[in-house]
Structures are given as structure tokens and as C-alpha cells.
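Taking it in order: structure first as C-alpha cells, then the write-up.
The values are calculated or read from the model by the stated rules, or taken from the named source; none is laboratory data. A quick note: this is a predicted structure, and the numbers were derived from the prediction, not measured. Cβ atoms come from the backbone with ideal geometry, glycine included; neighbour counts cover every protein chain shown.
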Amino acid sequence: MRRRLSHLATHLTVALCALITVIPYLWLLSTSLKYKTEVFTPTPQWIPWPINLGNYAEVFDRAPFGLFLINTLIVVTGILAVQMVTVTLAAYVFARRQFRGADILFLLFLVQMMIPIHATFLPNFLTLRSLDLLNTRVAMMLPFFASGYGTFLLRQAFRQIPRDLEDAAVIDGCGGLRFLWHVLIPLAKPTLVAFGLISLVSHWNDYLWPLIVTDTPDVRTLTIGLGMFVQQESGADWTLLMAATVFVTAPLLVIFLVFQRKFIESFMFTGLKG
Amino acid sequence: MADSTAVVTPARLPAWAVALAATGRFRFRGGGAYLYLLPSLVFLAIFTYYPMGFSAYLSLFRWNVLTPDPVFVGVANYLSLWREPLLWLVLRNNLFYALGSIPTTMALALFLAVLVNQKLGAARSVYRVALFYPTMIPMVAAAMLWVWIFNPGIGLFNYYTGFLGMPRLEWLYDRHWALPAIIIMSIWKNFGYFMLIYLAALQGIPAELYEAASLEGAGAWARFRRITFPLLAPTSLFVFVVAIISSFQVFDQVFVMTQGGPADQTNVLVFYIYQHAFRFWDIGMGAALTTVFICLLLVLIAVVFRSVGRRVYYEAD
């Protein structure tokens with residue numbers, strides 16, 4: 001009986017916390033479906049009635065959110081594609097080869113995790129300005145092409161693959177890059193997927209760097225578009241702002257809900273290894 | 001004709017080029033390792049290491065709207081920073097943000113991880129999704145949403161805390177409550193990720209330990225205090241380090257919610273650098289601040305690698 005009760009108490013506590021966490025997003029959805037005048041109520045009206053889908057159409061009329069979405073997709077996939085190459089190559093030699101300076105070089109990779117773009121954005125901005133790359137999609141990707149974090153994760157994964165396998169492969173004439181491509185990468189797939197998801201999520205959410213290197217709507221990403229939209233609509237039209245916010249958050253959230261197990265495993269797993 | 005020149009050319013190469021080619025080939029065979037690292041190293045060099053030196057160099061110049069051509073001024077920028085009361089306010093705000101958000105986030109993450117790790121059946125995955133989803137939301141969007149929630153007149157926050165007997169506050173417009181509001185929002189955004197990290201670590205603790213403790217008559221609290229908490233120490237250190245480093249990076253929330261205001265009460269280091277560089281166009285001062293920031297981070301890294309890093313590794317092995 002006591003056990004039953006404590007079980008129930010656990011459920012109630014977690015459910016309450018989960019509810020409190022979800023409330024802000026429900027409120028966001030609710031507000032985005034209201035008419036402008038309906039938000040000014042003394043008590044919160046949770047169910048929008050009548051439902052107004054017009055806010056979403058209006059958001060699209062006022063700012064090119066479709067274009068922002070495409071730009072975001074280009075930037076995050078571009079970063080990921082290059083990272084996959086740089087990270088696997090580097091992780092491979094750190095895991096498998098002995099060479100002079102390996103420790104120091106690995107340290108150089110690790111330090112990158114702790115010197116984020118938030119610390120170096122000013123000199124990097126000046127570098128891109130002198131390369132004449134400002135206001136391009138490439139500018140938003142360049143600083144993230146190397147990833148100390150990804151290299152670290154993948155090195156751990158490669159290390160767990162038995163050495164005998166490589167010896168055998170080399171004897172069969174499958175060394176170096178071919179071994180990496182045909183053996184190591186397939187075996188380390190869970191780690192690659194995990195790193196890929198984390199990279200996608202974190203760059204989808206980037207704000208400071210794209211804010212600095214872009215100044216026209218045609219290259220801007222969703223997050224920057226939302227920030228600009230807020231300034232542009234400073235009249236505090238909450239229904240419109242919330243509809244824009246839903247549009248910016250929805251793509252990733254929908255994917256997350258569909259593949260929630262994979263996402264949660266990935267984020268758990270990388271924390272553990274990190 | 002073209003063919004024959006192509007064949008002859010290598011022999012005509014100057015001696016240094018032949019030597020270079022030879023060493024290159026030697027490296028290829030012996031330690032082609034460097035070649036594999038090259039793509040990463042190029043980007044690390046340009047976008048992580050060069051900026052450190054570059055900003056240190058620029059910080060020695062006066063370079064702003066009034067002085068469009070850089071003038072060497074030595075450490076003058078640092079001296080004026082030192083005398084600038086706003087810098088100290090900014091650093092205090094960063095400290096306040098770290099103190100306000102990190103312990104609460106960690107406690108909440110640990111508490112919920114322990115609860116979610118119980119046998120909760122099918123509901124468990126629903127709980128995990130509900131508690132973790134804020135991680136998936138861009139900080140800018142989350143900040144926007146919370147500006148609405150913190151609205152003094154018709155915001156949800158004032159409405160529901162009113163039930164708990166709390167006074168109505170102006171939140172983002174109040175110089176004492178703006179930073180706490182940002183902290184509340186950041187806790188909501190971040191605790192789910194740390195909860196997952198704790199959950200992963202909890203699953204690594206053998207169940208026999210708990211069974212044995214239960215047989216000895218240890219209650220839930222004793223089991224937590226004697227088994228869970230000590231065995232999670234390496235994870236807690238990891239979470240703590242990650243949380244500290246990311247607390248220095250706080251920017252998006254401030255940019256959207258307060259723009260550093262009111263009266264600079266929410267101005268933080270990254271926003272302060274941003275202001276100098278992109279609002280006042282004072283590159284020299286911005287570079288000096290960047291250098292200060294990087295030095296702060298380097299000191300932090302040294303501490304992490306020396307003490308915490310080692311301990312985490314030893315305990316984890």
C-alpha cells in the first residue's frame with residue numbers, strides 16, 4: 001500500500017512538472033489562434049474561440065518566412081555535410097594512428113569546445129568582411145565547419161571498434177580511407193547520427209552569428225527572421241508575433257515528436273560520453 | 001609536343017621543390033595523419049585560434065567612428081575598461097545569472113531524472129518529451145514567448161503567481177526583476193537537457209546496489225544520499241562545467257527580452273561586446289573586451305583540465 005502511494009506521488013510530481021513545462025507552449029499555440037482583441041482578457045482564455053488561422057497567413061504576407069525556412073535548411077545541412085567529412089577524418093587518426101604532437105593537436109580540438117563563437121564573433125566578423133563574404137549563406141556556416149566536440153565523440157566511438165579488424169582489413173588491402181569508409185563509419189553509425197542530430201538542432205537555433213553576418217532578408221535564417229519581425233511589428237501585436245514564433249519552432253518540434261526516441265537517445269548518449 | 005614537355009617537367013623542377021615533394025611523400029607514407037587533420041585544422045586555425053591573436057592585437061589600437069584609421073594606443077583600451085563602472089556591472093550580472101540559474105537547473109534536472117528513472121511505465125516517454133522539448137526550441141523563439149508570458153498586464157506569469165500570493169510585478173520592465181525573469185526563462189529552457197544527461201548516468205548505476213541497500217533497510221532518501229548522489233558526482237561535475245561555460249555565452253535572451261535594460265541591469269558580457277562592436281562601432285574597445293572574455297575562458301579551461309577533468313576521468317574509469 002505504501003509502495004502504491006509513493007508510486008502515485010512520483011507520478012503526480014513528474015506530471016505536474018511536465019505540465020508546468022508544457023504550459024508556455026500551449027499558451028503560445030492558443031494565442032497564435034486568437035483574434036487580436038481577444039488576448040486582452042482579465043483571465044487567461046485557454047481555448048481560442050472562434051479560431052483564427054489568419055494570423056499565420058498574415059505572418060507570411062509581412063515577412064518571407066518560407067525563404068527563411070529554406071535558408072535555414074541550406075545552412076544547417078551545409079554545416080553538417082562539411083562537419084561529417086572533417087570530423088570523421090580527424091577522429092580516425094586520433095583514434096587509430098600514433099604520430100608526433102597527437103596529444104597537443106587533440107587539445108587544440110578540445111579547446112574549440114570552450115572558445116565558442118560567442119567569444120570570437122568580433123574578430124571573425126572582421127575576417128569575413130576582409131574576405132568579402134558578409135551577407136552570404138556560407139558566412140553563416142564557415143566557423144562551424146570544424147567541430148572539436150564531434151571529433152571527440154567520434155574518436156571515442158572509433159576507439160571501441162577492435163583493432164584486429166583493422167589489421168585484418170589492411171592485410172586484405174583495405175587500409176586507410178577505404179577502411180574508414182567501409183568498416184569504421186558503418187560501425188560508428190549511432191554516434192554519427194547522434195552528433196548529426198545535435199549539430200542540426202544547435203545550428204537551427206543559432207542566433208548571434210547569423211545576426212552579425214547578415215543584413216538582407218534574402219539570406220536570413222528563421223531565427224533572424226523572427227528577431228527582425230519582432231522589431232518590425234513593435235506595435236506588440238501578440239497574436240501575430242506568436243504565430244511567427246510557432247512557425248519558427250514547429251518544424252524542429254514536429255520532427256522531434258516523430259523521432260523522439262532517436263533524439264532523446266542521442267542527447268542522452270552524447271552527454272554521457274562528453 | 002605537349003606530351004613530351006609534360007614528361008620532362010619534373011626533372012626541371014628546382015632542387016628545393018624536389019626536396020619538398022620528397023618530404024611530402026614521406027609524410028604521406030609515414031604519418032599521413034596530418035593530412036587527415038588538415039581540413040579541421042584549417043578551420044580551427046582561421047576561426048578559433050587566429051581570432052584570439054587578432055583581437056589581442058586589435059585591442060592595442062584606437063579604432064572607432066571618430067578614428068576610422070587605427071591608431072596604436074598600447075593598453076589604453078584596457079585602462080579605460082578598468083575604470084568603466086559598467087564593465088563591473090556587466091560582470092556582476094553574469095555572475096548573478098550563473099548563480100541564479102546553475103544550481104536551480106542542476107537540482108531540478110537531478111530531481112526529475114531520479115523520478116523519471118523510476119518504473120513509470122508507458123507514461124515515462126511522455127514525461128521525457130514534455131520535460132525535454134524546450135531544448136528543441138530556438139532561444140530567440142523561447143525568449144519571444146516568455147516576453148509574452150511576463151507581460152505585466154495580461155501575462156500568464158503574473159496571473160498564476162497571483163494565486164500563490166505573489167505580488168504583481170513589472171518583470172522585464174523592473175530593474176530588480178528583469179534579470180530574475182531571464183533566469184526563470186533560461187531554467188525552463190535548459191533543465192531538460194541536463195535531466196537527460198543525469199538519466200543516462202542513472203542507468204549506469206547497477207540495480208543490485210539499490211536492492212542490497214533496501215535489504216539493509218535503507219529508505220529512499222538514504223539510498224539517494226548514499227548511492228545515487230555520490231555515484232553521480234562525475235556527471236554533476238560535467239554538467240556544472242558545461243553550465244558555467246554556457247552561462248558566459250548568454251546573449252539571445254537578453255537581446256530579445258531586454259536589450260540589456262532597464263538601466264543595464266541585464267547587460268551581460270557578450271551583449272556588452274556586441275554593443276561596443278556593432279552599436280558604437282568601437283572596434284578597439286570591442287577587441288579589448290573580447291580579449292578579456294577569451295582570457296576568462298582560458299583560465300576556466302585550465303582549471304577544468306587540471307582538476308575537474310582529471311577527477312571526472314578517474315572516477316568514471
Exercise for review: Looking only at the stretch B:279-305, count how many residues are within 14 Å of B:Trp63 (Cα to Cα), of a type in the set (A, V, I, L, M, F, W, C) and touching a helix residue (DSSP H, G or I) at 6+ places or on another chain (Cβ under 7 Å).
Suggested key: 5
Practice item. Say whether the condition of being within 13 Å of chain B (Cβ to nearest Cβ), free of Cβ contacts under 8 Å to residues at least 12 places away in the same chain and charged (D, E, K, R) is met by at least one residue in the stretch A:91-99. Key: yes
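Answer yes if at least one residue in the stretch B:143-161 is small (Gly, Ala, Ser) and surrounded by fewer than 23 Cβ atoms within 10 Å (Cβ to Cβ), and no otherwise. Working first, answer last.
Of the residues in the stretch B:143-161, the ones small (Gly, Ala, Ser) are B:143, B:153, B:155.
Then keep just the ones that are surrounded by fewer than 23 Cβ atoms within 10 Å (Cβ to Cβ); that gives B:153, B:155.
Yes, the stretch B:143-161 contains at least one residue that is small (Gly, Ala, Ser) and surrounded by fewer than 23 Cβ atoms within 10 Å (Cβ to Cβ).
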Review point. What about A:Val76, is it facing chain B (nearest Cβ under 7 Å) and not polar (S, T, N, Q)?
Key: no
Review point. Any residue in the stretch A:223-244 that is more than 7 Å from chain B (Cβ to nearest Cβ) and farther than 29 Å from B:Asn151 by Cα?
Key: no
Point to revise | helices (runs of 4 or more DSSP H) wholly inside the stretch A:175-263 containing at least 1 residues that are within 18 Å of A:Leu69 (Cα to Cα) and touching a residue at least 60 places away in the same chain (Cβ under 8 Å) | key: A:189-204, A:208-213, A:222-232, A:238-258
Practice item. May I ask you to list pairs of residues, at least six apart or on different chains, whose Cβ atoms are under 7 Å apart, with the first in the stretch B:242-258 being more than 9 Å from chain A (Cβ to nearest Cβ) and the second being polar (S, T, N, Q) and part of a helix (DSSP H, G or I)? Key: B:Ala243/B:Thr105; B:Ser247/B:Ser101; B:Gln253/B:Ser186
Practice item. Go over the candidates A:Leu110, A:Leu142 one by one and state the one that is in a helix (DSSP H, G or I), free of Cβ contacts under 8 Å to residues at least 24 places away in the same chain and either of a type in the set (Phe, Trp, Tyr) or within 11 Å of chain B (Cβ to nearest Cβ) (or both). Key: A:Leu142
Practice item. May I ask you to list the residues in the stretch A:183-211 that are touching a Pro at 6+ places or on another chain (Cβ under 6 Å) and modelled with pLDDT under 90? Key: none
**Study point:** Any chance B:Leu66 is hydrophobic (A, V, I, L, M, F, W, C), at negative phi and at pLDDT 90 or above
**Key:** no
